[in-house]
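Beneath this line is the structure, given in structure tokens, with notes to follow.
The values are calculated or read from the model by the stated rules, or taken from the named source; none is laboratory data. Nothing here was measured: the structure is a model prediction, and the numbers come from that model. Don't worry about glycine lacking a Cβ; one is built from the backbone with ideal geometry, like all the others, and counts go over all protein chains shown.
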Amino acid sequence: MSIKEVIASRKTSKVLARSPLEADFDQALLESLVNAAAYAPFHYMAANSHREKLPDKAPEPWRIYILNRTICREVRKWLIGRDDKTKVPEMLAAADMLLQVTWCPTTEDEAAESNRFDRYDATQTNMEHIAATAAAIQNIILAATEHEIPNYWSSGAALREKETFDLLGIPHDEILLGAVFFFPRNVDQNRKVNMFPGKMRERRSFGRTWCHWVEELNVNASDQTTVLNVNTIVRMGRNSKPPLE
Ligand SMILES: Cc1cc2nc3c(=O)[nH]c(=O)nc-3n(C[C@H](O)[C@H](O)[C@H](O)COP(=O)(O)O)c2cc1C
């Protein structure tokens, strides 16, 4: 597949199993997907407080915690023990790997740091840390797509809670951007699972009304009352998949 074909075939696959799957899996291949994150763009270095925790003081603003299939099953049991009623335990029964992908917020007021969890300052630096981390996740799920490994980027539900961070040894000053699940290849042929697509899959517009050519400069912006660049839909074509050759 070309990179554009990989992009166009990426999709969310939520795979649920009531009891743990026994499927074979290729741990080395799954781990190699994580390497794709290493090539994501990033603009700012993580703050020193984050970098100091790593032996090489790496600058990237993301962190990735890799849970193999055995650990996924253990987290499933732990969640069931806590009476978790979400779909997460069923996904952990099906997953071959879970990545807890966090980002490292830069904190303006270090003194306020100790008490906060899952909160960050609305700064451009933090926006770009999140953007870089999202690029890292997208790299990984595109690599999975290339290998036909079903995957699902989720917000995490219980997986983003403090108790889960403690269970997995994730520092409280990091924030989860994605709990990313990877399921066995060809799992769609396994009758023990239920599969669901992403909620937004059928809502994708393809119309590209969100895409505008800038054709005129609004040099006297304060005098201007008309909206420029209104011909977008006509020129882009309406709601058809854009070619990705
Ligand atoms: C940041 C982020 C968080 C997401 N979290 C969830 C989630 O918690 N639950 C969910 O059902 N889908 C989640 N998704 C997946 C979207 O539902 C999915 O991408 C969307 O439905 C479009 O479907 P597609 O990925 O197949 O194109 C998330 C996607 C992103 C980018």
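When the stretch 1-22 is examined, which residues are found to be out of contact with any helix residue (DSSP H, G or I) (no Cβ under 7 Å at 6 or more places or on another chain) and either over 18 Å from LEU142 (Cβ atoms) or of a type in the set (Phe, Trp, Tyr) (or both)?
Result: GLU22, single match.
Give the residue, chosen from ILE71, ILE80, that is in a helix (DSSP H, G or I) and touching a Pro at 6+ places or on another chain (Cβ under 8 Å).
After ruling out the rest, the residue left standing is ILE80.
Whether any residue in the stretch 19-38 is away from the ligand (no atom under 16 Å from the Cβ) and of a type in the set (Val, Ile, Thr) is what I want to check.
Among the residues of the stretch 19-38, at least one is away from the ligand (no atom under 16 Å from the Cβ) and of a type in the set (Val, Ile, Thr), which makes the answer yes.
Residue by residue through the stretch 106-142, note down the ones that are farther than 16 Å from PRO41 by Cα and within 16 Å of the ligand (Cβ to nearest atom). Outline the logic, then answer.
First pass over the stretch 106-142, keeping only residues farther than 16 Å from PRO41 by Cα: 106-123.
ASP118, TYR120 - these are the residues of the stretch 106-142 that are farther than 16 Å from PRO41 by Cα and within 16 Å of the ligand (Cβ to nearest atom).
Is it fair to say ALA46 is over 24 Å from HIS172 (Cβ atoms), under 22 Å from the mean Cα position of the chain (by Cα) and either at pLDDT 95 or above or in the same structural domain as VAL187 (by TED's automatic domain parsing) (or both)?
no
Could you tell me whether ALA144 is closer than 18 Å to LYS14 by Cβ, in contact with a helix residue (DSSP H, G or I) (Cβ under 7 Å, 6 or more places away or on another chain) and part of a helix (DSSP H, G or I)? Explain how you work it out, then say what you get.
Details: closer than 18 Å to LYS14 by Cβ: yes; in contact with a helix residue (DSSP H, G or I) (Cβ under 7 Å, 6 or more places away or on another chain): yes; part of a helix (DSSP H, G or I): yes.
Answer is yes for this residue.
I'd like the full set of residues that are part of a helix (DSSP H, G or I), within 16 Å of the ligand (Cβ to nearest atom) and not aliphatic (A, V, I, L, M), limited to the stretch 155-203.
Once the filter is applied, which keeps residues that are part of a helix (DSSP H, G or I), within 16 Å of the ligand (Cβ to nearest atom) and not aliphatic (A, V, I, L, M), the stretch 155-203 yields ARG160, THR164, ASP188, ARG201, GLU202, ARG203.
Among the residues in the stretch 114-124, are any of a type in the set (A, V, I, L, M), part of a helix (DSSP H, G or I) and either surrounded by fewer than 23 Cβ atoms within 10 Å (Cβ to Cβ) or in contact (Cβ under 8 Å) with a residue 40 or more places away in the chain (or both)?
No - not one qualifying residue is present in the stretch 114-124.
For TRP103, all conditions in the list (1) within 16 Å of the ligand (Cβ to nearest atom); (2) out of contact with any Ser or Thr (no Cβ under 6 Å at 6 or more places or on another chain); (3) not aliphatic (A, V, I, L, M) hold save one; what is the number of the exception?
The failed condition is (2).
Has the stretch 87-98 got any residue that is closer than 30 Å to SER19 by Cα, surrounded by fewer than 20 Cβ atoms within 10 Å (Cβ to Cβ) and free of Cβ contacts under 8 Å to residues at least 40 places away in the same chain?
No.
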